[in-house]
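The structure appears right after this line, and notes come after that.
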């Protein structure tokens, strides 16, 4: 099934379905109607049916959804039925926060090493990781079958680094640097731009006040 | 001008315009056509004109945009022509990363204090901040005219904390906890869900591979 006809809006709702279904599983709830799912997740029942129909449906009219089956199916759609080797570049506060968060590992994303360009950081230990020298990044990626690079670096130099990474055959970049990276086809960039998120908050607060 | 007719997709593009215009200003570029802006920002020229028309236009046919004027106007639209007092709750790795990032302060978001519920953290100093006891959060918000709460806490207890915060009259919550918070009208929640972002990356990588 190709993503070509599926809008980014639908795609971005999938992890949310996955999270809510995981919560239901934790509560041992085995079956749920789109109406009940709608009540807890906040999308309309029709939206939910429409979203899931993009991937082949799953629900049985009148019977609702099997929670575990749907959770597993959405997990598969999200590519969570396998694991990914990752490296993290930029071992500052944010990089350390991400490296220390066990939830990513539990979901199958295994950070294999931390890299930094700052000589003062290289060799330091962060939890289980020794911080490695960015100069050796290509060799490490090749030797360790790394598919994802997590970038927690400033924008200066980020594009140059990505140019090096894509040559190694990296497939995905999780980018926290406030820059729109250019990558060839076959490489996906997912941005987390904290400033843009904060500015969206201030926009909505302002509009809310003016109403 | 109300946000009611403006889609979230447009709103989320505004900070990006602001960033690119800021870059142009740094390079002393004073005027730019929607075509040139399109080349660097990656939206079509027609999309750019349409987006900006939501807020009254700004461009002059054949003359393009005045970069500084447009930067300032979009800043105003985003609510960046003023400052905001904020607190940050949850002084772990992620909380410290955010508290230490000077870019938010430069944009007018002033973190006035860090709070944590862990007795071992209370009293520690992170940069300029002493970590305060979450028990005293209401008093601090009232005394310091705090409008924004930044939540870098686990999901357990997040809703209870928010219930306390909204009673103090807080106007915005920048939420990093993986939970959909319920708040009354008049309070805006902007979520940063890192796991959902990472799962979107794995989805897109999988689809990319299958093509």
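We did not get these values from a lab; they are worked out from the coordinates using the rules stated. Computed from a prediction, not measured in an experiment: that's the story for all the values here. Because the Cβ atoms are built from the backbone with ideal geometry, glycine has one as well, and the counts that use them run over all protein chains shown.
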- Choose one answer from B:81, B:175, B:136: the residue with the largest mean-square fluctuation in a GNM of chain B with alpha-carbon springs under 10 Å. B:136
- Message: Between the stretch B:137-211 and the stretch B:26-40, how far is it from one alpha carbon centroid to the other, in angstrom?
- Response: 34 Å
- So, in nm and shortest first, the distances from residue B:22 to its counterparts in the other copies, with label points 7 Å along Cα→Cβ, work out as 3.2
- Query: At a Förster distance of 51 Å, what's the computed FRET efficiency of residue B:68 paired with residue A:81, Cβ-Cβ distance as r, to 0.05?
  - Reply: 0.50
- Message: Given axes a ≥ b ≥ c from the Cα gyration tensor, I'd like to know whether chain A is rounded (a/c under 1.5), prolate (a/b larger than b/c) or oblate.
- Response: prolate
- For residue B:159 and residue B:55, extending 7 Å from Cα along the Cα-Cβ vector and measuring point to point gives, in nm, a value of 3.5 nm
- Distances from residue B:139 to the same residue in each other copy, label points 7 Å out along Cα→Cβ, in nm, shortest first? 5.8
- Query: Say a label goes 7 Å from Cα toward Cβ at residue B:66 in every copy; what distances in nm does this one have to the rest, shortest first?
  - Reply: 6.6
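Can you give the extra length, in nm with one decimal, that the chain gains between residue B:100 and residue B:210 once fully stretched, where that is 0.36 nm per residue apart less the Cα-Cα distance?
35.5 nm
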- Message: With an 8 Å Cα cut-off and a minimum separation of 6 or more residues, compute the relative contact order for the stretch B:84-196 in percent.
- Response: 24 percent
- Task: Considering only DSSP beta bridges where both residues belong to chain A, give the percentage that are antiparallel (nearest 5).
- Result: 20 percent
- Task: For the stretch B:8-115, count all C-alpha to C-alpha pairs, find those more than 25 Å apart, and express that count as a whole percent of the total.
- Result: 33 percent
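Could you tell me the relative contact order of the stretch A:3-77? Use alpha-carbon pairs under 8 Å, at least six residues apart, and round to a whole percent.
40 percent
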- Query: By its C-alpha gyration tensor, with a ≥ b ≥ c as the square roots of the eigenvalues, how is the stretch A:84-196 shaped: rounded for a/c under 1.5, else prolate for a/b larger than b/c, else oblate?
  - Reply: rounded
- By how many degrees, between 0 and 90 and to the nearest 10, does the Cα long axis of helix A:8-26 differ from the longest principal axis of chain A? 70 degrees
- Message: To test your reading of the geometry: what angle, between 0 and 90 degrees and rounded to tens, separates the Cα axis of helix A:158-167 from the longest principal axis of chain A?
- Response: 80 degrees
- Chain B, closest residue to the rotation axis toward A, by beta-carbon, whole angstrom: B:97, 3
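Taking 8 Å as the Cα distance limit and 6 or more residues as the minimum spacing, I'd like the relative contact order of chain A as a percentage. Let's see the in-between values first.
Numbers: 261 pairs, mean separation 27.9, N = 211.
So the answer I get is 13 percent.
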- Task: Along Cα→Cβ, 7 Å out, is where each label goes; now give me the distance between the ones at residue A:8 and residue A:26 in nm to one decimal.
- Result: 3.0 nm
- Query: Measuring from label point to label point, each 7 Å out along Cα→Cβ, what is the residue B:40 to residue B:135 span in nm?
  - Reply: 5.4 nm
- Item | chain B: angle of helix B:194-210 to the longest principal axis, Cα-based, in degrees nearest 10 | 50 degrees
- Return the single residue from A:40, A:150, A:111 with maximal mean-square fluctuation; model: Gaussian network over chain A, springs between Cα atoms under 10 Å. A:40
- Task: State the percent of C-alpha pairs, over all pairs in the protein assembly as shown, separated by a distance greater than 33 angstrom.
- Result: 39 percent
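Give the peptides B:204-210, B:11-17 in descending order of average Cβ contacts within 10 Å, highest first.
Numbers: B:204-210: 16.6, B:11-17: 20.0.
With the highest mean Cβ count within 10 Å placed first, the list reads B:11-17, B:204-210.
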- Considering only DSSP beta bridges whose two residues both sit in the protein assembly as shown, what percent are antiparallel, to the nearest 5? 20 percent
- Note on the structure: Final fewest-first order of A:101, B:65, A:203, A:63 on the 10 Å Cβ neighbour count is A:63, A:101, A:203, B:65
